[in-house]
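Asks: The structure follows.
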Amino acid sequence: MWPENWEAVTLFCRRQTQWRTGPRGPIGLDYGAAQWLFSLCSVVQPLALLEDIQTMESAYLMELYS
């Protein structure tokens, strides 16, 4: 893993229990706690990190449902 991706991967893993679910399973992450988590972890660039997490979220869901 590239060092510049470490923060995004770490926070993605910390949110592993924050999935919203529908009748068929996970549909996306719950972003309600994102601001709290970013503050707790002293995230310097929250928008960039959120975009990285959303990329991983999308890839996970595509893999899960393909």
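Asks: If you take the Cα Rg of the chain and divide it by 2.2 N^0.38 Å, with N the number of residues, what do you get? Before the final figure, lay out the partial values.
Replies: Values: Rg = 12.2 Å, N = 66, 2.2 N^0.38 = 10.8 Å.
My calculation over the Cα atoms of the chain gives 1.12.
Asks: To continue, here is another question. Roughly to the nearest percent, how much of the accessible area of the chain is carbon and sulfur, given a 1.4 Å probe?
Replies: About 57 percent, which is the carbon plus sulfur part of the accessible surface.
Asks: Still on this model: Within the chain, list the trypsin sites (Lys or Arg not before Pro) lying in a DSSP loop whose Cβ has at most 14 other Cβ atoms in a 10 Å radius.
Replies: Loop-located and lightly packed - Arg24.
Asks: Find, among the chymotrypsin sites (Phe, Trp or Tyr not before Pro) in segment 33-66, those assigned to loop by DSSP (not H, G, I, E, B) with at most 15 other beta-carbon atoms within 10 angstrom.
Replies: Within segment 33-66, the qualifying chymotrypsin sites (Phe, Trp or Tyr not before Pro) (loop, at most 15 other Cβ atoms within 10 Å) are Tyr65.
Asks: A follow-up question, please. Once you put a point 7 Å from the Cα of Met1 and another 7 Å from the Cα of Tyr65, both along the Cβ direction, what distance in nm separates them?
Replies: Result: 2.5 nm between the two label points.
The values are calculated or read from the model by the stated rules, or taken from the named source; none is laboratory data. Values in this document were obtained by computation on a predicted structure and should not be read as measured data. Here the Cβ is made from the backbone with ideal geometry for all residues, glycine too, and neighbour counts use every protein chain on show. Accessible surface areas use protein heavy atoms only, side chains included; no ligands, DNA or RNA. Shrake-Rupley method; radii C 1.70, N 1.55, O 1.52, S 1.80 Å.
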